[in-house]
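The values are calculated or read from the model by the stated rules, or taken from the named source; none is laboratory data. Keep in mind that what you see is a predicted model, and the values were worked out from it rather than measured. Cβ coordinates were reconstructed from backbone atoms using ideal geometry, including for glycine residues, and neighbour counts include every protein chain displayed. The accessibility values were calculated without ligands, DNA or RNA, using every heavy atom of the protein model including side chains. Shrake-Rupley method; radii C 1.70, N 1.55, O 1.52, S 1.80 Å.
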Amino acid sequence: MLTYPKFRLEPEERIELLADYLPFCAIVELSERCPQACRDSKDQIFLDLAHSGTADVLVTGDKDLLELNARTAFRIQSPESYRTEVERRGD
């Protein structure tokens, strides 16, 4: 995903970003399919991973996923909404 043109990241920038991000990640084994299906089948993997990993929130800018908020066991929020929430809590 970091190779998407909208991010305009050079290969070195992608490596640096991943190096900063990976220490905060956990490996999630895809063990279950999310009961809620996404209209775009390419996005289903994100629902399935959030479901399998018992996520509290899935942060995405994808409109098809955002439309499913309140239909899953986890919240689905835009990056802007999530950032506002975190700033309010002071995390």
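Here are a few things to note about the model shown:
- If you go through the range 33-48 and keep only what is more than 13 Å from the chain's Cα centre (by Cα) and open to solvent by 20 Å² or more (accessible area, probe 1.4 Å), you end up with R33, P35, Q36, A37, R39, D40, S41, K42.
- Within the range 1-24, residues that are over 16 Å from D62 (Cβ atoms) reach partners that are assigned to a helix (DSSP H, G or I) and open to solvent by less than 90 Å² (accessible area, probe 1.4 Å) with beta carbons closer than 8 Å, at six or more positions or on different chains, in the pairs T3/R14; L9/L17.
- Unmet criterion (only one of (1) within 16 Å of the chain's Cα centre (by Cα); (2) free of Cβ contacts under 8 Å to residues at least 24 places away in the same chain) for S52: (2)
- Residue match in the range 11-32 (condition: more than 28 Å from T72 (Cα to Cα) and part of a loop (DSSP other than H, G, I, E, B)): no
- Qualifying residue in the range 58-79 (condition: without any contact (Cβ under 8 Å) to a residue 40 or more places away in the chain, among the hydrophobic types (A, V, I, L, M, F, W, C) and exposed (fewer than 12 other Cβ atoms within 10 Å of the Cβ)): yes
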